[in-house]
Amino acid sequence: MKKNKFKIISGSSHPGLAKEISKHLKTDLSEVLLTRFACNEIYVRPKNSVRGKDVYIVQTCTNRVNEDLMELFLLCNSMRLGFAKKIHVVMPHMGYARQDRVNLPREPISAKLVADLLIRSGADHLITFNLHSDQIQGFFDIPVDNINARKIFVDYIKQKHLENIIVVSPDEGGAKAAKKFADQLDCPLAIMHKNRSAHNVSEVTHVVGNIEGKTPIIYDDMIDTAGSVCNAKRVLVEKGAKDEVYLIATHAIFSGPAVERLNNTNFKEIIVTNSICTKDYDMPNLVSISIAPLISEIIHNVSLEKSVSTLF
């Protein structure tokens, strides 16, 4: 691979991940000026020429999702106006992905709007992880690599040599993904049924599957306020599962009371990726697995016009 074939640009949402990716690729991050005007408008400008280069912009969505997205749109537009050859967006966690359909009259399909804005700003390709629903890929008129982090978690659980485990989907919507995870671990699956009375408010009503005496592994795509998964753990133990409950999720959003709830619920381990930075949280049972090596391999393969599907 030629050293100067591409450039890695970091937004402000997760500079640690961008640095780790560039280290794996044995290249330096390309400098970009990120600042604010007095009125709080975002200003971005690459410090070096990007003309004729493939540019990879690393910018995830955190709890400041609106600022992260606006900064990303401006970064893409600055690269487009700087005559970059191709603009690849590495957005491990896509904001607004849960708003992917109309549930109530007059609701916007916000995930589609974000896709349109990203394309309009100049993006040619999106690399993301575990979209909330696979059909979101259809919102984009550009190629999307929707990477599944399942293999990372399978490898981690297998090396722990746990006995009598059962994978638990916290709701019906995640059952398909949980089933694939359970199959790779060669263990049974249980599915929890829950009712939502409002946004970020849910109640587990019953469990489908034999969890008696088993070690549950709750498998989900994200942890937001953690209400659902904490309720799930309580119900599982009440219905006879072991109190050593593992929680796995790709995206550690950790909004509002999430950290306090998780610490009070005493999961055996909370296993996530670093799609969102978690280093500032005081959580002794939190295990963060880096996706930087996988992203680096994907960038390497894309730059050589090789397949990326074999990597995950």
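Determine, yes or no, whether D243 is part of a loop (DSSP other than H, G, I, E, B), more than 24 Å from K158 (Cα to Cα) and of a type in the set (D, E, K, R).
no
So which residues in the stretch 85-116 are closer than 17 Å to Y56 by Cα and touching a Pro at 6+ places or on another chain (Cβ under 9 Å), if there are any at all?
Matches in the stretch 85-116: none.
Pairs only if they're at least six apart or on different chains, beta carbon under 6 angstrom, first in the stretch 123-139 and in contact (Cβ under 8 Å) with a residue 60 or more places away in the chain, second among the polar types (S, T, N, Q) and crowded, with 22+ Cβ neighbours inside 10 Å; list them, first residue then second.
Matching pairs, first to second residue: F129/T250; F129/S275; N130/T250.
Examine the stretch 78-92 for a residue that is within 18 Å of the chain's Cα centre (by Cα), polar (S, T, N, Q) and either modelled with pLDDT of 95 or more or over 22 Å from G138 (Cα atoms) (or both), and state whether such a residue exists.
no
Mind checking which residues of the stretch 177-191 are more than 21 Å from D134 (Cβ to Cβ) and either assigned to a strand (DSSP E or B) or modelled with pLDDT under 90 (or both)?
If the condition is that a residue be more than 21 Å from D134 (Cβ to Cβ) and either assigned to a strand (DSSP E or B) or modelled with pLDDT under 90 (or both), then A190 is the only one that fits.
Could you say whether any residue in the stretch 225-244 is in contact (Cβ under 8 Å) with a residue 12 or more places away in the chain, open to solvent by 60 Å² or more (accessible area, probe 1.4 Å), farther than 17 Å from L162 by Cβ and in contact with a Cys (Cβ under 9 Å, 6 or more places away or on another chain)?
No, there is no match, as no residue in the stretch 225-244 is in contact (Cβ under 8 Å) with a residue 12 or more places away in the chain, open to solvent by 60 Å² or more (accessible area, probe 1.4 Å), farther than 17 Å from L162 by Cβ and in contact with a Cys (Cβ under 9 Å, 6 or more places away or on another chain).
Taking the conditions exactly as written (modelled with pLDDT of 95 or more, open to solvent by less than 40 Å² (accessible area, probe 1.4 Å), of a type outside the set (S, T, N, Q) and farther than 21 Å from K233 by Cβ), does L117 satisfy them or not?
No.
Scan (1) open to solvent by less than 10 Å² (accessible area, probe 1.4 Å); (2) modelled with pLDDT of 95 or more; (3) over 25 Å from P15 (Cβ atoms) for the single condition K268 breaks and write down its number.
Evaluating K268 over (1) open to solvent by less than 10 Å² (accessible area, probe 1.4 Å); (2) modelled with pLDDT of 95 or more; (3) over 25 Å from P15 (Cβ atoms) leaves (1) as the failure.
The values are calculated or read from the model by the stated rules, or taken from the named source; none is laboratory data. Being a predicted model, the structure only gives us computed values, none of them experimental. Heads up, the Cβs are rebuilt from the backbone with ideal geometry, glycines too, and the neighbour counts pull from every protein chain shown. Heads up: the accessible areas ignore ligands, DNA and RNA and are worked out on the full protein's heavy atoms, side chains in. Shrake-Rupley method; radii C 1.70, N 1.55, O 1.52, S 1.80 Å.
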